[in-house]
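Okay, structure first, notes after.
Just so you know, all these numbers are worked out from the coordinates, no wet-lab data involved. Bear in mind the structure is a predicted one, so any value in this text is a computation, not a measurement. Virtual Cβ from ideal backbone geometry, glycine too; neighbours counted across all protein chains shown.
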Amino acid sequence: MQGEVNLATLTDEQIASLKISNFLFHVVHHGKDEPEYFDDVPLGKYELFFIARIKDTLKGNRFSFLDNSSVKDEILKWQENKITFLEFSKLLAFQFNSLYDKRVTPGVLIVIELFAGQNRYYSLIKYDSDEVVSFTRNGSKAVLADVVNNFTQSAKSLQKSALVDLDAVAGEGHVAVIDRQTRSSISDIFRKFLGVERTKKPAELTESLHKAVIKIVSKHRDVFPSSFTYRAGDQVREIAEKQKEFDAEGFYNQFFGAYGSDDVKASYQKEITNQGLAGEVFEYVPEALPVVRKTRYRTQEGILITVPPGAGNAFKISPDGKTITISTSKVNEI
């Protein structure tokens, strides 16, 4: 690899240059101890279709390999020419097929090696379909056509997808995962198969979101009303307490709403990438957010005033304590 690349920040040029170098799949979770193996699967006209699916996985949650990950070990064996790609794919299919419970659906495990220039990646896709088993006697071409045709009818058939980059930036995760069984996390079967753990825990991601928001609000302070900027921290907490999961688009619309703009959206996308949130879906942990301490005043006449942190020059008390000045663009009755 020529330098480290963050999975979440592949350039448009790198994404456009993705090329599949090896492609195989095997039928799994069909009720037998051994997968139905294929020795050769001609990719033909379907390369662009699968590259598009791989690009989708770039939006997945980030995971890191555990020391005892067998998937990582098998990848290294293949890269060191200790096994063939066929042997590599069969080993992964066997391991995945052995992880079985009554909830899983028959399908195929697709094993792909691809390059973007000199950078090498691996895509592991579990495609669910009862029909693929009946197609095995007609050969791999029939199964591949069935996979593509059925997926175009229902994206849900692509249940699990992982994109592996062993040379990704340290601390940013070597595996991007989309698991439709649990979008904010990963199913037990896929976690055990990959041998991974979440690179950043939900509490850390929640804290990073708060940091990103404060930076964005501070940067665009001049275009936001003061009533919005003063409550930024409170608003993050309110969303975290009311909503179950974070997803980037949903949070942006909910938090910024009518105050959003192209410039604000660009800053938002930049900051969530800088904070390691790009592509992440996670359960909020409100307890991870800093406690917002408000200052409360009571005048001799009994008037109560609550001042949020960061009010700055918008709230002033005269030296003799007899005059209070509040500057605002608008007063709203609550």
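Please give me, ordered by residue number, the trypsin sites (Lys or Arg not before Pro) of region 274-334 that lie in loop per DSSP and have at most 14 other Cβ atoms within 10 Å.
Working: sites: ARG293, LYS294, ARG296, ARG298, LYS316, LYS322, LYS330; in loops: ARG293, LYS294, LYS322, LYS330.
Here the sparse-neighbourhood loop sites are ARG293, LYS294, LYS322, LYS330.
For region 16-106, taking the reciprocal of the average inverse distance between every pair of different Cα atoms yields a Kirkwood hydrodynamic radius of 15.2 Å. Other residues lying with their Cβ under 13 Å from the Cβ of VAL223 contribute a combined charge of 0, Lys and Arg counting +1, Asp and Glu -1. So if R0 is 41 Å, what FRET efficiency would ASP73 and GLN243 give, r being the distance between their Cβ atoms, rounded to the nearest 0.05? It comes to 0.60. Between their Cα atoms, which of LYS160/LYS201; LYS102/LYS270; LYS32/LYS200 are more than 31 Å away from each other? Table pairs above 31 Å Cα-Cα are LYS102/LYS270; LYS32/LYS200. Ordered by the number of other Cβ atoms lying within 10 Å of each residue's own Cβ, fewest first, VAL291, VAL71, VAL175 fall into the sequence VAL291, VAL71, VAL175. Among ALA288, ALA162, ALA258, the residue with the largest mean-square fluctuation in a Gaussian network model of the chain, with springs joining Cα atoms closer than 10 Å, is ALA258.
Of LEU124, LEU304, LEU194, which is the most mobile in a GNM of the chain whose springs link Cα atoms less than 10 angstrom apart? Judging by the Gaussian network model, the answer is LEU304.
Do me a favour and compute the ellipsoid semi-axes for region 246-331 from its Cα gyration tensor, root of five times each eigenvalue, largest one first, whole Å. Write out the running numbers ahead of the final one.
Values: eigenvalues 265, 55, 26 Å².
Taking √(5λ) for each Cα gyration eigenvalue gives 36, 17, 11 Å.
As a proxy for reagent exposure, ranking THR182, THR306 by other Cβ atoms within 10 Å from fewest up yields THR306, THR182.
Need the full-extension length gain, THR295 to LYS316, defined as separation in residues times 0.36 nm minus the C-alpha distance. One decimal, nm.
Numbers: separation 21, 0.36 × 21 = 7.56 nm, distance 1.27 nm.
Using 0.36 nm per residue and subtracting the Cα-Cα distance, I get 6.3 nm.
For the residue pairs LYS72/LYS141; LYS265/LYS316; LYS242/LYS322; LYS55/LYS265, the C-alpha atoms sit more than 31 angstrom apart in LYS265/LYS316; LYS242/LYS322. Applying both filters, DSSP loop and at most 14 other Cβ atoms within 10 Å, to the GluC sites (Glu not before Pro) of region 8-98 gives GLU80. Per-residue ellipticity at 222 nm, computed for the chain from helices alone with -39500 (n - 2.57) per DSSP H run of at least four residues, works out to -10500 deg cm²/dmol.
Exposure proxy shown here: for LEU114, LEU58, the number of other Cβ atoms within 10 Å sets the order, fewest to most, as LEU58, LEU114. In the chain, Cα pairs under 8 Å separated by at least six residues give a relative contact order of 19 percent.
You can think of it this way: the chain between GLU197 and SER227 has 6.8 nm of extra reach, that is 0.36 nm per residue less the Cα-Cα gap.
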